[in-house]
Amino acid sequence: MDDTFLNLCLRITYRNSLCKAALGGVPFGTSETPAEAKEVFQAIRAAVGEALGDSAGNNPELRDRADMVWATVHGFIVLSQSGRIAEGKERAAGLVHAVVADLLRAWRKKD
């Protein structure tokens, strides 16, 4: 599995602007959405599309599954920013990487 998107997510999600977005301080899905948030969500959609065997984005499950990954990343951001994950951001980053990798593996289209 290519971890490029996961590394991108983890690198970007802890930037201040995206942390604010995760905490409700920045709009999402509007023209005011920060470029960092858009970049992460596009990377998530691409990775989920790849796992579903749909690089064109035609799979009806793509949107729901991309939202599941976004919600997972969002949850880890909120929890780590509020000090609710022991050992802080470093451990949260490892946990979110593991859970998202597991989701993508489970969704990977079987040949």
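Descriptive notes on the structure:
Let's see how each residue does on (1) modelled with pLDDT under 65; (2) surrounded by fewer than 18 Cβ atoms within 10 Å (Cβ to Cβ); (3) in a loop (DSSP other than H, G, I, E, B); (4) in contact with a Leu (Cβ under 7 Å, 6 or more places away or on another chain):
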site: LYS20; (1), (2), (3), (4): yes, yes, no, no
site: PHE41; (1), (2), (3), (4): no, no, no, no
site: VAL48; (1), (2), (3), (4): no, no, no, yes
site: PRO60; (1), (2), (3), (4): no, yes, yes, no
site: ILE85; (1), (2), (3), (4): no, no, yes, yes
site: GLY94; (1), (2), (3), (4): no, yes, no, no
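One line per residue, one yes/no per condition, for (1) at pLDDT 80 or above; (2) open to solvent by less than 90 Å² (accessible area, probe 1.4 Å):
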site: ASN16; (1), (2): no, no
site: GLY53; (1), (2): yes, yes
site: ALA56; (1), (2): no, yes
site: ARG65; (1), (2): yes, yes
site: VAL69; (1), (2): yes, yes
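Listed here are the residues, each with its yes/no results for (1) more than 14 Å from LEU104 (Cβ to Cβ); (2) without any contact (Cβ under 8 Å) to a residue 60 or more places away in the chain; (3) among the basic types (Lys, Arg); (4) in contact with a strand residue (DSSP E or B) (Cβ under 8 Å, 6 or more places away or on another chain).
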{"residue": "GLN42", "(1), (2), (3), (4)": "yes, yes, no, no"}
{"residue": "VAL48", "(1), (2), (3), (4)": "no, yes, no, no"}
{"residue": "ALA51", "(1), (2), (3), (4)": "no, yes, no, no"}
{"residue": "LEU62", "(1), (2), (3), (4)": "no, yes, no, no"}
{"residue": "TRP70", "(1), (2), (3), (4)": "no, yes, no, no"}
{"residue": "ILE77", "(1), (2), (3), (4)": "yes, no, no, no"}
{"residue": "SER82", "(1), (2), (3), (4)": "yes, yes, no, no"}
{"residue": "GLY88", "(1), (2), (3), (4)": "yes, yes, no, no"}
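- Test for LYS109: is it modelled with pLDDT under 85, basic (Lys, Arg) and surrounded by fewer than 12 Cβ atoms within 10 Å (Cβ to Cβ): yes
The values are calculated or read from the model by the stated rules, or taken from the named source; none is laboratory data. These numbers come from a predicted model, not from an experiment. Note: ideal-geometry Cβ built from the backbone for every residue, glycine included; neighbour counts use all protein chains shown. Note: areas computed on protein heavy atoms with side chains; ligands, DNA, RNA excluded. Shrake-Rupley method; radii C 1.70, N 1.55, O 1.52, S 1.80 Å.
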